[in-house]
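Notes follow once the structure below has been shown.
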Amino acid sequence: MLKATRRILQASLLAATVLWGAGAAAQGYPERTVRLVIPYAPGGPTDVLGRALAEQLGRELKQSVVAENRPGGGGVIAMSEVARATPDGYTLLLGDINLSVSPALHKSLPFDPSISFTHIGMAANAPMLVLVPANSPITDMKDLVRRAKEAPGTIAYAHGGVGSPTHLGPEVFQSRYQLKLISVPYKSSGESLTAVAAGHAQVVFTGLSAAKGLLDGGKVRALAVAGRQRSPVLPQVPTMAEAGVPLPELDVGSWWGLLGPANLPPAIVTRLHAALQGALSSPELSQRLAMLNFTRATGGPDEMREWVATETRVWGDVLRNAGIRPE
C-alpha cells in the first residue's frame with residue numbers, strides 16, 4: 001500500500017514538474033529567433049505571404065522571425081522538417097493546401113498530417129488567376145477550352161511542382177472539361193510564371209501576389225479569376241463562371257495557416273495565435289495583403305484543425321475523380 005502510494009506521489013510530482021517547466025518556458029517565450037518554414041522556393045504566393053507575415057509576427061512577438069524556404073517534394077520536405085522539430089515554438093510552418101492533398105498524392109509520408117502538427121490559426125486565402133502570355137492568341141477561357149479540345153496535347157501548363165496549387169488547378173480544370181494538357185513542372189511557382197511570360201508554356205494557374213509585377217509590366221494577361229467573386233485589384237477580369245467555364249472546385253482558392261510540431265504547449269499556442277491575429281490586424285500587413293489580393297482568414301486552432309480535415313476529405317474525392325492516384 002505504501003509502495004503504491006509512493007508511486008502515485010512520484011508520478012504526480014513528475015507531472016507537476018513537467019507542467020511547471022512547460023509553463024515557465026512559455027512564460028518567457030520567445031527568447032530567441034523563431035523560424036517560419038516556407039514549403040516552396042522564393043517567388044511564389046506562399047513565399048510572398050510568408051515573408052510579409054514573418055516581418056509582422058516579429059513585431060508582435062518582439063523577437064526576430066526568420067522566413068526559411070525549404071522547397072521540394074510538393075511541400076513534404078518542409079512539413080517533415082517541422083513535424084520532427086522540438087515542440088518549443090521556435091520552428092513553425094506556413095502550411096497550405098498541401099496539408100490536405102498530400103495523403104491523396106503519396107502512398108506513404110514521413111509524418112501523419114492529422115496528428116503530426118499543432119494548429120495555431122488560419123492566416124489568409126486568395127483566389128487563383130488563369131494567366132497566358134501577353135501575346136497569346138488565346139482570347140478567353142472558352143477559347144482556351146476550344147483550342148485544347150481541337151488539338152489535344154498541344155497546350156502546356158506550367159506549375160511549381162506536383163501537389164502545389166499551380167498543379168492542382170489545371171489538373172482539376174482539364175479533368176472537368178475532358179482536356180489533354182501537357183504538364184510542365186518547374187522548381188517553384190515563380191519560375192513557372194516566368195516561363196509563361198517568356199512563352200515557354202501557354203498557361204499557368206497562380207496567385208496575384210506572384211503575378212502582379214508581370215501583369216503590371218504587360219508580360220502576362222489574365223483570362224479569369226478562379227473564385228466566387230471578381231478581384232477588387234483586377235475588377236475587369238471575370239470569374240471563371242462569368243467566363244462560361246465554371247470550376248467550383250477552386251472557388252475557395254488557395255489558403256494558408258500557421259502550424260507547429262505536435263504537442264506544442266498550449267500557452268505557446270495561445271501566444272502565437274494572439275501574435276498572428278495582431279499581425280493580420282496591423283494596418284501595414286492588411287494594406288499589403290489587400291494589394292496582393294490576399295484576404296485575411298479567420299479561425300483559431302480548433303477551426304483550423306476542422307478546416308484542414310474537411311479539405312482533406314474534399315480534395316481526396318476531387319483527386320480520385322480526376323484520376324490522380326497516390327505514388
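The values are calculated or read from the model by the stated rules, or taken from the named source; none is laboratory data. Remember, it's a predicted structure, so these values are computed and weren't measured experimentally. Note: ideal-geometry Cβ built from the backbone for every residue, glycine included; neighbour counts use all protein chains shown.
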- Query: With THR139, THR154 as the choices, which residue is β-branched (Val, Ile, Thr) and more than 20 Å from GLU242 (Cα to Cα)?
  - Reply: THR154
- Query: Quick one: in region 36-64, which of the residues that are free of Cβ contacts under 8 Å to residues at least 60 places away in the same chain and more than 30 Å from VAL204 (Cβ to Cβ) is surrounded by the fewest Cβ atoms within 10 Å (Cβ to Cβ)?
  - Reply: LYS62
- Is there a residue in region 89-108 that is out of contact with any Gly (no Cβ under 6 Å at 6 or more places or on another chain) and free of Cβ contacts under 8 Å to residues at least 12 places away in the same chain? yes
- Residues in region 279-298 that are within 22 Å of PHE117 (Cβ to Cβ) and surrounded by fewer than 17 Cβ atoms within 10 Å (Cβ to Cβ): how many? 2
- Message: Out of everything in region 75-131 that is of a type in the set (D, E, K, R) and assigned to a loop (DSSP other than H, G, I, E, B), what residue ends up being nearest to PRO326 (Cα to Cα)?
- Response: LYS107
- Item | Matching residues, region 125-165, being at pLDDT 95 or above, within 28 Å of MET79 (Cβ to Cβ) and among the small types (Gly, Ala, Ser) | ALA158
- strands (runs of 3 or more DSSP E) contained entirely in region 185-303, each with at least 1 residues that are out of contact with any His (no Cβ under 7 Å at 6 or more places or on another chain) and either closer than 30 Å to TYR29 by Cα or without any contact (Cβ under 8 Å) to a residue 24 or more places away in the chain (or both): 254-261
- Do you know which of the residues in region 197-251 that are crowded, with 17+ Cβ neighbours inside 10 Å and of a type in the set (S, T, N, Q) is farthest from ILE155 (Cα to Cα)? SER231
